[in-house]
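Notes for the one structure printed next.
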Amino acid sequence: MLSNTASRWFAFFAALIFLTANAAAKTRVAKQAFGHAPDGTLVDLYSLVDGKVEVRIMTYGGIIVSLRTPDRNGKVDDVVLGCNSVEEYVAQTAHFGGIIGRYANRIAHGTFQLDGHTYHIPKNDGDNALHGGTRGFDKVVWDAKQIPDGIELSYTSKDGDQGFPGALSTTVRYTLSGEALRIEYSAITDQDTVLNLTNHSYFNLKGQGNGDVMGHVLKIDASRMTPVDATLIPTGELKSVEGTPFDFRTPHPVGERIETDDPQLRLGHGYDHNFVLDHAPGQLAEAAEVYEPTTGRILRVLTTEPGLQFYTGNFLDGSITGKQGRVYKRRFALCLETQHFPDSPNHPSFPSTELKPGQEFHSVTVFQFSAGKR
């Protein structure tokens, strides 16, 4: 047995090793120039590294450019789709990895009423406005500063920007801790307005560009969804998922039922629908979990938001060549966009997206990665 003195020294060195390891695990943040926006504004690229997880985010669009995480054997790969340069991000319309606002998802006919006034948002999705209009938050350069374990991005959208009322000041914090990427959104306005923010990352847990995601196994904590019409605008109904291909309350492979002769799947060309999460809005809780059997990678999505848009990359068509020269074909990724419901300003029965002066919008989403056997 160790003597009392030896035991004390052993405990001291054990504690020292523990503290040193924890200090070493502190997220490292680095910045480099990445290019220029169309107006000549410098775009910076920030790297967040904690252990084997690395996230790179650029100030143009607040876009998650890459997210590298290990599989069950420790092999690290990039699990989000994206482009090689700012110019390529400017040219693409898939909204890879960006901060989406002022209003994520669709607004019917690009029109809504607020306080007795009618507002018009540029139509960029047939007769609808999608993801904030023709120049949403993923098409602007954000101010950035380093904070503990990550970065803080800020942007002020002027009154009337893309047709939305009020000057809106938005802050988005990306922080990395271990294998968890936390996104924290805050916003204030000087006039009544509407707001719906999300991140539009396309995930493929096999590695970006490595085939389709039909074998990914998905669970969503939602017993209802919002059916859509032919233009993918919600009908206003909150429909039970019971007995439908939209029931992911127990895990199912993404591709297991995607070709089912279901009216909603036909309208969406696959999954492109909002799920009504079962947890109380404002409570940070698990919304979804994805497991990829060949790599063992697991993604858990936690959020305070009331909805989750599940999209299976149905409109990727091979016309985009992404990182490492990989061609992005149909269903080569899935999106899990935490948000309020589409077209909420035109559906008073949906959770409100109105923001008033004196209020602060606040929302949190966490992407938690791990790997192993299921």
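Before moving on, here are some points about what is shown:
- Estimated vicinal HN-Hα couplings, Hz - region 76-84 in sequence order (Karplus 6.51, -1.76, 1.60; Gly, Pro = x): 9, 8, 7, 10, 10, 6, x, 10, 8
- For the chain, a simple Cβ point-charge model (Lys and Arg +1, Asp and Glu -1, everything else neutral) yields a dipole of about 1420 debye relative to the Cα centre.
- Couplings for region 315-324, taken from phi via the Karplus curve 6.51 cos²θ - 1.76 cosθ + 1.60 with θ = phi - 60°, read 9, 5, 9, x, 7, 10, 9, x, 4, 6 Hz in order; Gly and Pro are left as x.
- Taking the fewest neighbouring Cβ atoms within 10 Å as the starting point, the ordered list for L205, L81 is L81, L205.
- With 29 Å as the limit on Cα-Cα distance, the pairs of K145/K323; K123/K158; K31/K75; K123/K206; K139/K219; K75/K323 that go past it are K123/K206; K139/K219.
- Length-normalised contact order for region 27-109 - Cα pairs under 8 Å, 6+ apart - percent: 21 percent
- Qualifying chymotrypsin sites (Phe, Trp or Tyr not before Pro) for region 244-340 [loop in DSSP, other Cβ within 10 Å: at most 16]: F315
- Counting only Cα atoms, region 56-134 measures 58, 27, 22 Å along its principal axes, largest extent leading.
- Convex hull of alpha carbon positions in region 319-362: directionally averaged projected area 5.9 nm².
- Considering only alpha-carbon pairs that sit under 8 angstrom and 6 or more positions apart, the relative contact order computed for the chain is 17 percent.
- Values of log10 I(q)/I(0) for region 107-177 across q = 0.14, 0.25, 0.28 Å⁻¹ run -0.54, -1.07, -1.21, by the Debye formula with one identical scatterer at each alpha carbon and no solvent.
- Remark: S240, S186 ranked as S240, S186, counting other beta-carbon atoms within 10 Å and listing the fewest first.
- Rounded to the nearest 500, the 222 nm mean residue ellipticity of the chain from helices alone is -2500 deg cm²/dmol, with -39,500 (n - 2.57) taken per DSSP H run of at least 4 residues.
- The chymotrypsin sites (Phe, Trp or Tyr not before Pro) found in region 145-224 include none that occupy coil by DSSP while having at most 15 further C-beta atoms within 10 Å.
- Relative to the longest principal axis of the Cα atoms of the chain, the long axis of helix 4-24 makes an angle of roughly 30 degrees.
- Look at H109, H273 and count the other Cβ atoms within 10 Å of each Cβ; fewest to most, that gives H109, H273.
- Taken along its three principal axes, the alpha carbon spread of region 190-336 comes to 44, 43, 31 Å, from the longest extent down to the shortest.
Coordinate-derived values only; no laboratory data. Note that the coordinates shown come from a computational prediction; the quantities given were computed from them, not determined experimentally. Note: ideal-geometry Cβ built from the backbone for every residue, glycine included; neighbour counts use all protein chains shown.
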